[in-house]
Amino acid sequence: MIERPYDGCGKCLLGVRRLSRMKLATSSPERQREDVLTVAESVGGHIIGWADDWEVSGATDPMTRPKLGPWLRDERGPYDGLVAAAVDRLGRNVVDCLNTGYKMRDEGKLLVTYGHDGAWDLDDQVDENRFTMEAWGAQMELRAIQRRNRSATQKMRAAGRPKGKPSYGFQYIRTVMGGKIDHVALHPQASTVIRTVARRILADPENITPSSEAARLSRAGERSPADHLAVMYGKPAGGHPWQPTSLKNILLSEAALGYLMHQGKPVIDQDGNPVRLCEGLWERPTHEALKKALIPRRTPWIGRRTNRDYLLTELALCGQCHNRLYTQTSLDQPPRYVCTARNKGWLSAKGCRPAPLIRAHLLDAYVEEWFLQRFGDGMIFETVYDEGNGVAERMAELRASRERLRADREAGLFDAPDDAAWFREKYRAMGNELAELALEPERTAGMVRRPTGETVQDRWDKAFDVQARKEILMDFGVRVTLYPKAAPVRWVAGLVHGPERDPAGVA
């Protein structure tokens with residue numbers, strides 16, 4: 001069977017393959033390919049391309065499938081028909097299959113599947129009925145699969161066991177490869193990554209945001225949640241960057257507390273408490289602190305989010321008009337910092353003449369030398385969130401559980417004698433635990449400072465890129481003011497003058 005480009009022969013067919021779950025042991029892609037090539041050759045056609053939708057459910061409308069959809073929407077060029085290994089590879093819904101079939105018929109294109117002699121003729125009642133019956137069979141099989149999955153999910157949830165994909169930061173442990181989940185544990189790398197993000201945000205919520213952390217993790221080469229999950233299950237990473245929204249969702253989800261989740265909420269056990277699968281990434285006090293820290297707000301500096309390789313963008317200001325400096329690049333000149341406010345017609349820069357300008361690498365070197373001379377030997381202290389002993393949060397959680405029980409009682413769910421006795425026992429147990437917690441001395445949560453054991457020079461040397469070093473400057477509040485050469489002040493870094501020197505390259 002020959003695969004060649006579209007040549008207008010009338011038999012240029014598109015091969016359609018689909019698989020809901022890709023596993024290393026599966027041979028379905030190869031078998032589907034053989035079937036498609038065989039049946040295409042039987043009708044005298046040849047394959048001009050492949051619409052391979054892997055990891056795509058059969059319930060997905062063919063028009064919206066990632067690979068097949070663009071062809072059906074006529075976005076990928078001309079073709080003379082579709083050829084698939086079976087009707088259920090087109091879809092597992094009668095309506096979707098018929099819509100695709102009738103689209104091919106109305107456009108005068110071929111529709112071919114393995115196991116059917118020749119192309120489907122939906123104007124013929126026999127072919128139309130057979131095609132409909134095969135689509136109906138595929139739909140019934142899908143419904144049976146969905147029913148089994150729902151039943152299995154309900155049983156697993158009732159037993160307090162996880163099903164589905166693990167939340168970021170966690171992993172499933174199986175005693176036998178491919179066997180059932182034995183228990184849940186923290187993933188060594190992912191848990192460290194997300195805990196670091198939470199610590200950084202809690203230490204400086206005004207400047208460090210999910211957006212800046214997403215940019216930092218992408219620059220550092222940390223796998224995004226989607227890529228991390230793919231690699232964990234033996235699949236290739238797709239190279240997806242970190243997204244601020246998904247990072248924020250991970251930080252705010254109660255799954256981070258180690259709870260078994262269903263539809264975004266913790267599963268409650270018979271005692272009225274959330275089912276815990278393993279130790280959490282952090283405890284309830286940190287979760288509540290993150291909820292407060294991640295309230296949407298306007299941040300004063302957005303330089304942490306950029307991926308440009310410039311050390312002083314948004315940190316360097318013009319000494320004449322006090323507007324920020326921008327970078328300029330050209331084919332015959334290296335990058336330079338320059339004030340462009342007057343050229344843009346800003347009223348605040350009306351008298352900015354001459355505008356300061358300096359080559360970027362020179363100013364970067366001046367600032368780096370000054371900063372390390374002044375602060376390089378200093379010991380770095382970090383501000384971290386101390387969860388306290390969590391007495392108040394545990395009491396709040398118990399009160400919430402007791403309120404749920406009381407609401408269910410008032411709704412008539414515990415009217416039977418056995419149920420009423422169970423309710424009284426659980427309600428009394430929660431009350432006793434609340435009384436015991438009330439006697440414990442409370443250590444309130446809050447921010448504390450502690451030494452990290454490294455100097456500023458150490459952290460500067462270990463920074464993995466220019467943006468990481470820029471964040472160090474921002475953490476120290478460094479601002480650089482650049483003056484033109486004719487000004488009495490040569491250059492200022494931070495709040496104090498740097499060493500006197502002739503800054504070559506300043507205009």
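The values are calculated or read from the model by the stated rules, or taken from the named source; none is laboratory data. This one's a predicted model, so the numbers in the text were calculated from it and none came from an experiment. When we count neighbours, we look across all protein chains shown, and the Cβ atoms used for this are built from the backbone with ideal geometry, even at glycine. Only protein heavy atoms, including side chains, enter the accessible area calculation; ligands, DNA and RNA are left aside. Shrake-Rupley method; radii C 1.70, N 1.55, O 1.52, S 1.80 Å.
Summary table below
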read-out: Rounded to the nearest 20 debye, dipole of the stretch 257-399 from Cβ charges on Lys, Arg, Asp, Glu; value: 1180
read-out: Flagged links, alpha-carbon separation over 24 Å, of LYS265/LYS292; LYS11/LYS67; LYS291/LYS470; value: LYS291/LYS470
read-out: Summed residue charge, Cβ within 12 Å of ARG143's Cβ, Lys/Arg positive, Asp/Glu negative; value: +3
read-out: Furthest towards positive pole of dipole, THR60, MET177, PRO205, structure part the chain, Cβ charges; value: PRO205
read-out: Eligible aspartates and glutamates near LYS248 by straight Cα distance, threshold 13 Å, same-chain separation 8 or greater; value: GLU213
read-out: Mean-position separation - Cα centroids, the stretch 363-411 and the stretch 23-69, in angstrom; value: 50
read-out: Carbon/sulfur fraction of accessible area - the chain, other protein chains in place, 1.4 Å, %; value: 51
read-out: Net dipole in debye of the chain [+1 Lys, Arg Cβ; -1 Asp, Glu Cβ; about Cα centre; nearest 20]; value: 1440
read-out: Structure-derived log10 I(q)/I(0) by the Debye sum over Cα atoms at q = 0.10 Å⁻¹: which label, when the choices are (1) -1.00; (2) -0.83; (3) -0.74; value: (1)
read-out: Per residue value of the accessible surface for the chain (all protein chains in place, 1.4 Å probe), Å²; value: 54
read-out: The stretch 121-190 and the stretch 321-361: distance between their alpha carbon centers, rounded to Å; value: 59
read-out: Restricting the stretch 424-469 to chymotrypsin sites (Phe, Trp or Tyr not before Pro) in coil, as DSSP defines it, with at most 14 other Cβ within 10 Å; value: PHE464
read-out: Under the Karplus curve 6.51 cos²θ - 1.76 cosθ + 1.60, θ = phi - 60°, whole-Hz ³J(HN,Hα) for the stretch 446-451, x wherever Gly or Pro sits; value: x, 8, 10, 9, 8, x
read-out: Top positive-direction residue, dipole computed over the chain with Cβ charges, set ILE47, PRO285, HIS240; value: PRO285
read-out: Rounded if a/c under 1.5, otherwise prolate or oblate - the stretch 312-380, Cα gyration tensor axes; value: oblate
read-out: The stretch 15-104: relative contact order as a whole-number percent, Cα under 8 Å and 6+ apart; value: 37
read-out: Peptides 34-46, 368-380 ordered by average Cβ neighbours within 10 Å, highest first; value: 34-46, 368-380
read-out: Residue-level accessible surface for HIS240, protein heavy atoms, 1.4 Å, Å²; value: 100
read-out: List ILE47, ILE181, ordered by accessible area with a 1.4 Å probe, largest first; value: ILE181, ILE47
read-out: Alpha carbon convex hull of the stretch 100-243, projected area averaged over orientations, nm²; value: 14.8
read-out: Cysteines in the chain lacking a second Cys C-beta under 4.7 Å; value: CYS9, CYS12, CYS97, CYS278
read-out: Contact order normalised by residue count of the chain, Cα under 8 Å, 6+ apart, percent; value: 10
read-out: Estimated 222 nm signal from helices in the chain, with DSSP H stretches of n ≥ 4 weighted -39500 (n - 2.57), rounded to 500; value: -12500 deg cm²/dmol
